[in-house]
Every structure is written in structure tokens, then in C-alpha cells.
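The values are calculated or read from the model by the stated rules, or taken from the named source; none is laboratory data. Keep in mind that what you see is a predicted model, and the values were worked out from it rather than measured. Neighbour counts are summed over all protein chains in view; Cβ atoms, including those assigned to glycine, are modelled from backbone coordinates with ideal geometry. For accessibility, only protein heavy atoms count, side chains too; no ligands or nucleic acids. Shrake-Rupley method; radii C 1.70, N 1.55, O 1.52, S 1.80 Å.
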Amino acid sequence: MQAGPGPSVTTLTYDTLRFAEFEDFPETSEPVWILGKKYSVLTEKDAILADVTSRLWFTYRKNFPAIGGTGPTSDTGWGCMLRCGQMIFAQALVCRHLGRDWRWTQRKRQPDSYSSVLQAFLDRKDSCYSIHQIAQMGVGEGKSIGQWYGPNTVAQVLKKLAVFDTWSALAVHVAMDNTVVMADIRRLCRSGLPCAGAEAFPADSERHCNGFPAGAEDGGRVVPWRPLVLLIPLRLGLADVNAAYAGTLKHCFRMPQSLGVIGGKPNSAHYFIGYIGDELIYLDPHTTQPAVATADRCPVPDESFHCQHPPGRMSIAELDPSIAVGFFCKTEDDFNDWCQQVRKLSLLGGALPMFELVEQQPSHLACPDVLNLSLDSSDAERLERFFDSEDEDFEILSL
């Protein structure tokens, strides 16, 4: 690009975006943590901006193809948790295919794998994690199209959709009952990739059913450890977050395996990517943008998928207690390291553990897999209400 007067359009800094005017990060010696990375707001403002901007940002869209052929053409007003689910899962795919240290630069050519990740979330029916697929798969979870999701519901839907993503070959585990069973996860990650029927998604000779380019999958090769996406739906209090969980929640953002947290305020979801002091840093999906038109073999216009303005901040005390925490362990060593960090955290005084880490399934938990309960099961309904506070008259039911 030929140099010209003024800053380069390919460079994003606090100065060029007038980022500092928003006072999002006060002049403090307290560190900023973003998905396992530590920054100083005094000396690394541009690095913070580059990290935040590099996360894939999914917002409300309008004028996309009708969901189900005759359904909504916009998700404004109801799709915020679905978009947050897309963001936390997109971060997993970025870590899987590009690495945590990858950075997006405006109008700069990116690796082909970046384009494949982005295409998996485009607003069209043949993209694996599109708003169309999430909304339609949610029908199987008892959610009609256009209905608001809670964090547990979107976690369950993403787990089901990941089966069709043969390129990423992820092992997705949704830990229920506030309990992470290590033996279950090791068994899942060491198993072969489930075979998903191609007829579940439209496909043609040029494109896979999940929207990825031909030849992108691993060719059926069985790998020793499938990369793990661990989603843990939690409830950290009744009407408000118990302050005793604050330290543990913040520590989750310090782990290198962190994918962040989805949650927010009642019926208003955010994707939390870090914290400074006692405030959480988040990406907000509540902006309606036009759907991005795409053409075969043409690069996807991607600037609207990266948040180029300051991220939001919110006190932990304002957080709705119903959340889902996410982690990504690409290797078994990553998972073992995560387990060790969780054990150390449980030994620290003053912080209340948000979940329990155990080697085997505890005897006091029901033996049947709660994910396989039928939709009309009263147990399934009670589990959903426990983890998804979608009703104003929410009440805790004994399990």
C-alpha cells in the first residue's frame, strides 16, 4: 500500500480510533486480563486493542435468508444469546486453527483457515454454526424459532452442531450439575470423530455440508486426542451473583485455556472476554447490522465481524447469576494443566469454587446422561429452568 498523509488504514491504535476518550480502561496499575493474556493498561493499550479487535464479533443482523425458509429474516430482539454462543465457539475455532496469538489486521490478507472459520458462522443455512442452524437445532431443545435462549440451551445446541464440523473435529463436553468429571472428558477426547450424516445439511460438489472448502477435513484420521471445548453452565446465586464467587470467576479469565463466559443481564446477553479490577470486559451483540452478502470463491467482507470500538465493562455485581464458562484444551497436556490449575484454585482461601472437579462420576449424581433425557421429561425441564433463568418468576427446583 502506498504511504499517504495521516495514519495507515491498516493500523488500529488507541490514537487512530480515539479509544482512550471512552475511559474504558482507567489509568491504573491493575492488570487487564483478556482470555488468559495479561496486559498493562499503562504501557500496552495498543496490544489490548489488537487483542479485543481480533476476537470474532457477532451481532444482530437483518435481511438474511429466512430461517427455515419462512421464518425470521432478522434476530434483533431475540438472538443475543445465540450470538454470544457463536462468539465463544468462534474463539474455540480460532484457537484450534489459528492459535491464541493470532491477530486480525484490517484489510490484510489472512490465512485460509481464518476464512473457513468465519464462513462457519455466516448467516446462511449451510454454515455449520449459523444463526439458522442454532435456531433450528434449538427446536429439539424445546425452543421455538425466535425464542430467547439461556446459556445452557445454547451450549447444548452448539455441542450438537459440532458433530457436523468434521474439519475442526472437536470434542465438546457440557458439564452438568456443577461437576466436571475428568474420566468422562478423557473418554470423549480419545474417541474417534462421530460420523455425521451429510444429508443433515445442504451440500454441493464444491462445498462441505458445514460450509468449509473441499479437502479441509482430516480425512477420517483418528487422532490420539481431539481438541476439547468444555462448556460449564453454572448458577452463581439466586437473584444476584454471590460475591464469594467473584475471585474464582476472575481467575477463569487468567487461565490460558479460557474461552470466556456467556451470560449478562436477564434477557440481555454478553460475551465476557476478561476483566480489570472488579469489572468484566465484554463484547456486546446488541447492534443490528445488515447481513453480509457473500459470493462463491470471493473473500468475505469481514470488517463488521470485528469490534473496532471500545468493549463494554460491567461490574461483576451486576451479572445475572446464570452463566456458562468456556475452556479450550487443544492437547491432553493442556487439559491436565487446566485440571491442575482448578485444583490449586480450590486450595486458595476466600474464593468459593464455582464447580467441582472429580475423577469419576460421583455416586450421588443420577446415572443416566442428563443430555439424553427426552424433551417431555420433567427432569429435563427442571434442569433447563435451573441453568437458564429466562423467566421473571424463576424459582429453584430441587433436582
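Annotation for the range 257-324 versus the range 229-248: alpha-carbon center distance of 19 Å. Per atom type, the range 261-370 shows carbon and sulfur on 53% of its accessible surface, probed at 1.4 Å. Near L249: Cβ cut-off under 14 Å, other residues only, Lys/Arg at +1 and Asp/Glu at -1. The net charge is -2.
For the range 38-103, the solvent-accessible area of protein heavy atoms averages 31 Å² per residue (probe radius 1.4 Å; ligands and nucleic acids excluded).
The lysines whose alpha-carbon is closer than 19 Å to the alpha-carbon of K62, local same-chain residues fewer than 8 away aside, are K125. Annotation note: trypsin sites (Lys or Arg not before Pro) in the range 40-142 located in DSSP loop regions with a Cβ neighbour count of at most 16 within 10 Å are R103, R107, K108, R109.
Summing +1 for each Lys or Arg and -1 for each Asp or Glu among the other residues whose beta-carbon sits under 15 angstrom from that of D123 gives +2. Here the accessible area of the range 40-130 is 48 percent carbon and sulfur, with a 1.4 angstrom probe and all protein chains present.
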